Amino acid sequence: MPSWFTEIDVNKKGEVTRADFLKYRMKSFDQLDANKDGKLTVDEFIKVVEPPLSPDAPNKPPLEELRSRARAEFQNLDTNRDGFVERAEAEALVHSEFNQYDTDRDNKITEPEVRLIVQRSLQREAGERQQIEARKRQGMMTINELIDMQLRNADQLDKNGDNKISQQEYLVLAGPADGAQAKNMLPFDLRRQLALRKFAEIDVNKDGQIDRIELTGFAVKQFLEMDLNKDRFISEEEFKKAQDQESEKVRAFIQTQQPATPAQPRPAPAQPRGGQPAPQAPQGLAPGLPQGTR
């Protein structure tokens, strides 16, 4: 049996009521709601992955990586997109979870119901793993896959193995300065500036290095921006749109770096023969407007 069932069912009745389940599940909300205003900010919410709410465990990911993932989960819970997870939003999630177990809808969860749902859950997880593999073949990408991809790419740049990317290591992405490989590429200075701009975007603490925490945060930010339909997967179409937007930013930047075309002097108006000035239009009439039309 799940630990939550035995912790709630202190009287060993073999059942858990909706009210007791809600009270138990909302304890963490009350712990996170430091100012007791009935809603959680993102700063309050991410404490769910910090001690003591999340004790240390073997092979546990770095804390900042967990915080980045908690921020992504916050976006999913904030259904009205007001920047808070309100108590009603949290309770709605708890009620939804209770309903999954309460198969006969009598507002009680019994041991047989829990065993049934656990079995279904295991089957569903197996099916989801198969679906994930299928989505991979179809070009779909999850947030964890994007994070892993970013970290693998970073490992290739990290030549000294210190788990950080220096500015010099990152500039490898600018490509060669000259030679046959640089043929048909943008001027090296432009490529270097573009690489430095991207480096500065990822280096949020501005210490001149990119660590795995910053890479994870940048990947989460990218994923949320690319996932246009908010289905928690990146399709080929969404990925292409993101690439097009990035290409447009690059083109706009290149235009700002091109020297402005100097203004050409306007030719002087032609003078009539004899050096006399050209006749002026009568005062009070628009040029070309005949008499009697006003």
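Going by what's in this entry, would Ser3 be described as of a type outside the set (A, V, I, L, M) and within 33 Å of the chain's Cα centre (by Cα)? No, not satisfied. Of the residues Asp178, Asp106, Asp102, Asp162, the single one that is surrounded by 14 or more Cβ atoms within 10 Å (Cβ to Cβ) and not basic (Lys, Arg) is Asp102.
Are any residues in segment 74-101 within 20 Å of Asp43 (Cβ to Cβ), of a type in the set (Asp, Glu) and in contact (Cβ under 8 Å) with a residue 40 or more places away in the chain, and if so, which ones? Hit for segment 74-101 is Glu86, nothing else.
A quick yes/no check of all residues on (1) touching a Cys at 6+ places or on another chain (Cβ under 6 Å); (2) over 24 Å from Arg71 (Cβ atoms); (3) buried (at least 16 other Cβ atoms within 10 Å of the Cβ):
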{"site": "Ser121", "(1), (2), (3)": "no, yes, no"}
{"site": "Ala134", "(1), (2), (3)": "no, yes, no"}
{"site": "Gln138", "(1), (2), (3)": "no, yes, no"}
{"site": "Ile143", "(1), (2), (3)": "no, no, yes"}
{"site": "Arg152", "(1), (2), (3)": "no, no, no"}
{"site": "Ser166", "(1), (2), (3)": "no, yes, yes"}
{"site": "Val172", "(1), (2), (3)": "no, yes, no"}
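Of the helices (runs of 4 or more DSSP H) contained entirely in segment 1-102, those carrying at least 2 residues that are out of contact with any Gly (no Cβ under 9 Å at 6 or more places or on another chain) and within 26 Å of Leu215 (Cβ to Cβ) fall at 42-45, 63-77. Only one entry of Arg71, Arg67, Arg18 meets the criterion of being under 27 Å from Asp148 (Cα atoms), touching a residue at least 60 places away in the same chain (Cβ under 8 Å) and not assigned by TED's automatic domain parsing to the domain that holds Phe218, and that entry is Arg71.
Remark: pairs (first residue in segment 171-197, assigned by TED's automatic domain parsing to the domain that holds Lys159; second residue in a loop (DSSP other than H, G, I, E, B) and of a type in the set (Lys, Arg); Cβ separation under 9 Å; 6+ apart in sequence or on different chains) = Val172/Lys159. Can you name the residue in segment 124-169 that is among the β-branched types (Val, Ile, Thr) and in contact (Cβ under 8 Å) with a residue 40 or more places away in the chain and, of all such residues, is farthest from Leu224 (Cα to Cα)? The qualifying residue farthest from Leu224 (Cα to Cα) is Ile165.
A quick yes/no check of all residues on (1) on the phi > 0 side of the Ramachandran plot; (2) surrounded by fewer than 15 Cβ atoms within 10 Å (Cβ to Cβ):
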position	(1), (2)
Asp9	no, no
Leu32	no, no
Glu50	no, yes
Asn59	yes, yes
Glu65	no, no
Ala70	no, no
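Whenever a residue of segment 102-123 is closer than 13 Å to Glu15 by Cα and assigned by TED's automatic domain parsing to the domain that holds Gly14, its partners that are aliphatic (A, V, I, L, M) and part of a loop (DSSP other than H, G, I, E, B), lying with C-beta atoms within less than 7 angstrom and at least six residues away or across chains, give the pairs Glu111/Met1; Val114/Met1.
When the test is whether a residue is in contact with an Asp or Glu (Cβ under 9 Å, 6 or more places away or on another chain) and either of a type in the set (Asp, Glu) or within 30 Å of Glu236 (Cβ to Cβ) (or both), Asp78 passes it. Among the residues of this structure, Arg105 does not count as one that is under 23 Å from Asn144 (Cβ atoms) and not aliphatic (A, V, I, L, M). Here Ala154 does not qualify as part of a helix (DSSP H, G or I) and not assigned by TED's automatic domain parsing to the domain that holds Asp203.
The values are calculated or read from the model by the stated rules, or taken from the named source; none is laboratory data. Bear in mind the structure is a predicted one, so any value in this text is a computation, not a measurement. Cβ sites come from the backbone with ideal geometry, for glycine too, and all protein chains shown count toward neighbours.
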